[in-house]
Amino acid sequence: MIARLTLLLILALVLPATLHAESPITITDRAIVFRHTGTDPEDPANTSGYNFGPSVAALPDGRVMAAWFSSPSEGANSQRLVQAFSSDGGRIWGAPTILQDFEGAADFDPALFVAEKETFLFFSAIHPKLDVYFRRSGDSAKTWTEPVKLDQPNHTTRSNGIRLSTGELLVPLHLRGTKNGGVLKSRDGGTTWTRHGAVANPEGQGGEPTIAESKSGAIHMILRTKDGQLWRSISRDQGETWSAAEKTGLASTSSASHLLCARDGTLVLTYNPGPVPHRFPLLLRTSRDEGATWSEPTLLADRPEKAGGWSICYPTLTELADGTLVAIWAQKKDSTGELYSDIHSARISLGK
């Protein structure tokens with residue numbers, strides 16, 4: 001009897017730790033970062049009807065910055081990068097201002113990231129040919145250096161860059177046309193950059209890569225393809241070389257995803273599950289074993305109505321000092337006679 005009671009006591013002490021279920025992911029706040037100003041791309045007065053490709057970063061001064069491209073329609077010569085800031089962790093957003101605008105050229109796909117006290121902005125522009133540019137700020141996005149062209153013709157950025165545990169910097173980019181994901185790498189704090197990797201599935205697809213460094217030091221890359229799957233690759237030498245692409249086992253439409261490694265080592269993935277070509281709903285999953293397995297999905301956002309023409313897509317994430325995540329994404333409507341899209345945000349608690 002004593003032995004049985006002892007066993008029960010041991011089980012009572014051990015089981016809660018070993019069998020404790022993950023705390024649920026919760027969406028604590030939602031907001032609209034920017035609402036469209038028009039729905040007719042042919043209307044000269046409609047300068048900000050189409051808002052897409054957002055990026056988000058927690059700045060060194062504690063504010064949260066969102067950036068996206070804005071125009072009457074995608075690729076218009078008036079297309080520019082726009083920014084907005086939140087001083088309360090993404091609950092309320094200020095009025096937008098212009099961040100980057102090559103006159104008469106289309107600027108698009110901003111990619112923000114913070115490396116200690118410096119903030120980087122990567123973006124793509126057709127000026128006059130497609131290439132990648134970057135700017136940097138040492139005062140939390142109050143002022144910026146002039147754009148620097150990186151001589152990566154026909155490549156585009158998309159997802160946020162990262163600062164590695166070694167201090168090196170990586171920014172994902174890909175060959176236009178959902179082809180060959182890779183990275184730009186800097187070993188000197190962002191002064192010079194070199195390209196590494198050309199990762200694709202067997203059909204030659206590997207677009208809009210998103211990267212994160214896990215606790216082991218491995219760099220994980222998630223890739224967009226057109227076969228209904230998310231694919232992944234791993235680098236174990238700080239982004240210099242990459243493993244052959246393999247399926248993650250996660251079904252996905254052909255659209256951008258975003259991967260982030262939280263400070264506690266949790267990998268967080270946001271993406272559209274499909275089927276192709278649907279870009280809704282927007283899901284969030286976590287992995288606590290470096291991507292070997294993923295949690296059940298949490299619904300981050302969905303269509304506001306069950307009607308055609310909606311896309312809820314192109315998410316990005318950042319982590320605040322208290323561990324809260326801020327996600328932003330585009331909510332687009334494209335149907336006969338109307339085209340518009342807004343930028344939405346949410347605050348997310350992963351639990352413990």
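Just so you know, all these numbers are worked out from the coordinates, no wet-lab data involved. Predicted model only: the values in this text are computed from it and were never measured. Note that each Cβ is placed from the backbone with ideal geometry, even for glycine, and that neighbours are counted across all protein chains shown.
Key figures
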{"quantity": "Calculated over segment 248-350: convex hull of Cα atoms, volume per residue (Å³)", "calculated": "93 Å³"}
{"quantity": "Segment 309-322 - phi-based ³J(HN,Hα) in whole Hz, Karplus 6.51/-1.76/1.60, Gly and Pro as x", "calculated": "x, 8, 10, 10, 7, 6, x, 9, 10, 9, 10, 7, 4, 8"}
{"quantity": "Length released on extending from Thr39 to Ser73, taking residue separation times 0.36 nm less the Cα-Cα span", "calculated": "11.3 nm"}
{"quantity": "Per-residue ³J(HN,Hα) for segment 46-53, Karplus 6.51 cos²θ - 1.76 cosθ + 1.60, θ = phi - 60°, Hz, x for Gly and Pro", "calculated": "8, 9, 9, x, 10, 10, 8, x"}
{"quantity": "Karplus-derived 3J(HN,Hα), 6.51/-1.76/1.60, for each residue of segment 56-69, Hz, glycine and proline x", "calculated": "9, 8, 8, 7, x, 7, x, 6, 10, 10, 10, 9, 7, 9"}
{"quantity": "Top of Ala115, Ala31, Ala321 by mean-square fluctuation, Gaussian network on the chain, Cα under 10 Å", "calculated": "Ala321"}
{"quantity": "Cβ-based exposure ranking for Ile312, Ile98, in which fewest neighbours within 10 Å come first", "calculated": "Ile98, Ile312"}
{"quantity": "Mean Cβ count within 10 Å, highest first, over the residues of peptides 53-65, 160-172, 242-254, 34-46", "calculated": "53-65, 160-172, 242-254, 34-46"}
{"quantity": "On Cα atoms only, tilt of 2-18 relative to the major axis of the chain in degrees", "calculated": "0 degrees"}
{"quantity": "Kirkwood Rh and Cα Rg combined as Rg over Rh, evaluated for the chain", "calculated": "1.00"}
{"quantity": "Ranked list, fewest to most other Cβ atoms within 10 Å of each Cβ, for Phe52, Phe108, Phe102", "calculated": "Phe102, Phe52, Phe108"}
{"quantity": "Under 23 Å from Lys185, Cα to Cα: lysines that are on another chain or at least 8 residues apart", "calculated": "Lys117, Lys129, Lys149, Lys215"}
{"quantity": "13 Å Cα-Cα reach of Lys142 towards aspartates and glutamates, excluding residues that sit fewer than 8 places from it in its own chain", "calculated": "Asp61, Glu118"}
{"quantity": "For the chain, with +1 on Lys and Arg beta carbons and -1 on Asp and Glu, the positive-most of Ala105, Trp310, Pro147 along the dipole", "calculated": "Trp310"}
{"quantity": "Least to most buried among Ile32, Ile25 (fewest other Cβ within 10 Å first)", "calculated": "Ile32, Ile25"}
{"quantity": "Rg/Rh for segment 288-337, where both radii come from Cα atoms and Rh is the Kirkwood radius", "calculated": "1.10"}
{"quantity": "Inter-part distance where segment 52-88 and segment 279-352 are each reduced to a Cα centre, Å", "calculated": "16 Å"}
